[in-house]
Amino acid sequence: MRAEKAAGIRLEKSPTVLMKAKLLKWMALTGFAGIGVCQGSDRPNIVFIFSDDHADQAISAYGHPISKKAPTPNIDRIAEGGMRFERCMVTSSICGPSRAAVLTGKYPHKNGFYFNEANDFDGSQVTFPKLLQAGGYQTSIIGKWHLGSEPTGFDHWEILPGQGVYYQPDFWTPDGIHIENGYVTDVITDKAIQWLSEQRDTSKPFFLMVPHKAPHREWSPPVKYLELFEGVTFPEPATLLDDYRGRTTAAHDQDMSLAITFEKDRDLKVDVRRPGSVFYERVYSKLSPEQRVAWDRNLDRREAEYNDPDLKGVALTRWKYQSYLRDYLACVRSMDDNIGRLLDHLAESGLAENTIVIYASDQGFYLGEHGWFDKRFMYDESYRTPLLIKWPDVVEPGSVNADLVSNLDFAQTILEMAQVAEDDSMQGASMVPILKGKTPEDWRKYHYYTYYEYPGWHMVQRHEGVYDGRYKLIHFYDLDEWELIDMKTDPHELTNQFHSPEYAEIKARMKDALVKVKERYDVPEGIPSPRVGIDPMRYYSTERKLIEEQRAQSAR
Ligand code: SGN
Ligand code: CA
């Protein structure tokens, strides 16, 4: 069996695990009772591991130079045993809207969730977990939720309130909120394994969603990985020092650059051992005495480096980039370890053979490309999200797909995997034929993107756009500025071809495509900005706020 072989790559390493798995398989085949290997159903179990802000540049299965220095062997196991998607495009590159799209299979104008923390997700609407439940699945979610309202459609839920924290995290459950000792990625994984082994109803197939906080800002690694990448120099992206020449006002005026936005007492973790610093409030004040000793050593080193008088200008930006990647990738490493633990548990318990494993992030992320961190823009690094699916005996191990798929498709895909009917209101399509190696003739040729959160964190203008796998048309409609990008000749997205005569025909085709996709998804014209009247100053970073204040003063 193909998938067994893939699982065997790991199993071979441990003869006990192998024996245990074989025994469990025999018990399941012979109907030996009481072991919980999907009795009562031949439908697959589904484990959906969902991370936060994990760029595919930081997954070694995707082969990017950064990941060569910080490999992810366990996430790669999912790719090796299944399909790796190269063009999974998000509906909106931001947490809440992405999660709402995943649950409902709909764009924001249909599910009502336009931007983070704006409103609570309307949990009374149809979601795929509810349909799974009605279809006989047991459903569970353990980890980040970030949709405000209480989860619906889950038999079991333990979620991080809001963004969650890295150390000693709170968990919100139907019984209230309580604190757990430990590092968030470890705790989520412990809970997921515990649910699988002790709490679930073994008479039913299950759907388990494991959404991690990592590697979200403020990128705080566990103590054991604080020094993991000390002395490692990560390759810089070609556009680290991008000057946005030729691009729209939106690219110039964002507040998400390493040079300006990256905050000293939050992101650089310098001068943070005092109440009032963001890092103190969110991380340092939560550390146990032993954890504090390790962090103090690490913080001393950062401060010494930062205080070098020669560290300024471009050298400082470069140093920030290295510091950022060390933290980000150490969080990824711990997540990868934990994903390995979860995969091992599935193998050891005999569940792996009948369990589909999906790995995705809520969106991609900038790892220094265009001089940025964060996401939001329709440029590739944040518009794309990683997607890996291992489906034993169905998906060809090690396969790669480049169709335009989307987080919009996850709901219908999971429902078809579970043989549960989709809801007519869903706007995506099931990827099951693609997973079986046959892309339907009428698969989407154009993907529609939309982003609404302005003013807001990082000050990215509202925009929408359409992408055909090569050309990308972006409209910053509040500014009425357009960008047309040719990803083939300009993979770093540095040249706006919107006004180039040689692109006139392509521009016309893409404009027409934008009108058509909007018709198809029933997007109303001129959705009013949901954030009118919000003071942008509230969202500017410390340094950018100073710049804005100086600007305002000299204009007076
Ligand atoms: C927080 C972060 C932002 C980030 C948003 C959205 N600020 O507000 O940097 O863009 O979350 O992230 S922080 O001070 O909390 O670090 S998302 O993943 O939830 O969309
Ligand atoms: Ca996110």
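The values are calculated or read from the model by the stated rules, or taken from the named source; none is laboratory data. It should be emphasised that the depicted structure is a prediction, and the values quoted were computed from it without experimental measurement. Cβ placement follows ideal geometry from the backbone for every residue including glycine, while neighbour counts extend to all protein chains displayed. What goes into the accessible areas is simple: the full protein's heavy atoms, side chains included, and nothing from ligands, DNA or RNA. Shrake-Rupley method; radii C 1.70, N 1.55, O 1.52, S 1.80 Å.
Below, the figures for the structure above:
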{"read-out": "Prolate/oblate/rounded label for segment 157-262 (Cα gyration tensor, a/c 1.5)", "value": "prolate"}
{"read-out": "Length-normalised contact order for the chain - Cα pairs under 8 Å, 6+ apart - percent", "value": "23"}
{"read-out": "Backbone N under 20 Å from the I527 label point (7 Å along Cα→Cβ), restricted to segment 467-501", "value": "467-468, 473-483"}
{"read-out": "For the chain, with +1 on Lys and Arg beta carbons and -1 on Asp and Glu, the positive-most of T261, C88, L546 along the dipole", "value": "C88"}
{"read-out": "Mean ellipticity per residue at 222 nm, deg cm²/dmol - from DSSP H runs of n ≥ 4 across the chain, formula -39500 (n - 2.57)", "value": "-10000 deg cm²/dmol"}
{"read-out": "Accessible area in the full protein assembly, largest first, 1.4 Å probe, for W219, W457, W391", "value": "W457, W391, W219"}
{"read-out": "Cα gyration tensor category, rounded, prolate or oblate, for the chain with a/c compared to 1.5", "value": "oblate"}
{"read-out": "Gyration tensor verdict on segment 68-179 (Cα atoms; rounded if a/c is under 1.5, prolate if a/b is larger than b/c, oblate otherwise)", "value": "rounded"}
{"read-out": "Only Lys, Arg (+1) and Asp, Glu (-1) charged, at Cβ; segment 341-430 dipole about Cα centre in debye", "value": "300"}
{"read-out": "Length added when fully stretched, R274-L311, from 0.36 nm per residue minus Cα-Cα", "value": "11.0 nm"}
{"read-out": "Across K68/K436; K269/K545; K110/K518; K191/K436; K390/K516, pairs whose alpha-carbon gap is larger than 22 Å", "value": "K68/K436; K191/K436; K390/K516"}
{"read-out": "Estimated dipole of the chain in Debye, rounded to 20 [Cβ of Lys and Arg +1, of Asp and Glu -1, Cα centre]", "value": "720"}
{"read-out": "Hull volume in cubic angstrom per residue (convex hull over the Cα atoms of segment 226-321)", "value": "120"}
{"read-out": "Protection proxy ranking of 286-297, 74-85, 249-260 - average other beta-carbon atoms within 10 Å, highest first", "value": "74-85, 249-260, 286-297"}
{"read-out": "Inter-centroid distance (Cα atoms) of segment 53-112 relative to segment 196-236, Å", "value": "14"}
{"read-out": "Using a Förster distance of 56 Å, the FRET efficiency for T439-D478 (Cβ separation, nearest 0.05)", "value": "0.95"}
{"read-out": "Percent carbon-and-sulfur accessible area, the chain, ignoring ligands, DNA and RNA, probe 1.4 Å", "value": "52"}
{"read-out": "Relative contact order, percent, segment 143-238 [alpha-carbon distance under 8 Å, six or more residues apart]", "value": "23"}
{"read-out": "Length added when fully stretched, H492-Q550, from 0.36 nm per residue minus Cα-Cα", "value": "17.6 nm"}
{"read-out": "Accessible area in square angstrom per residue, segment 356-486, 1.4 angstrom probe", "value": "26"}
{"read-out": "Separation of the N298 and D186 label points, Cα + 7 Å toward Cβ, nm", "value": "1.2"}
{"read-out": "Area of R273 that stays accessible when all protein chains are in place (1.4 Å probe, Å², to 10)", "value": "80"}
{"read-out": "For T317, solvent-accessible area (1.4 Å; no DNA, RNA or ligand), Å²", "value": "20"}
{"read-out": "Gained length - S149 relative to V400, 0.36 nm times residue gap less alpha-carbon distance", "value": "86.7 nm"}
{"read-out": "Length-normalised contact order of segment 189-290 in % [C-alpha pairs under 8 Å, at least 6 apart]", "value": "16"}
{"read-out": "Point-to-point label distance, D253-I534, nm (Cα→Cβ direction, 7 Å offset)", "value": "1.6"}
{"read-out": "C-alpha center-to-center spacing [segment 530-545, segment 307-333] in angstrom", "value": "26"}
{"read-out": "Heavy atoms of K516: accessible area, 1.4 Å probe, square angstrom to 10", "value": "110"}
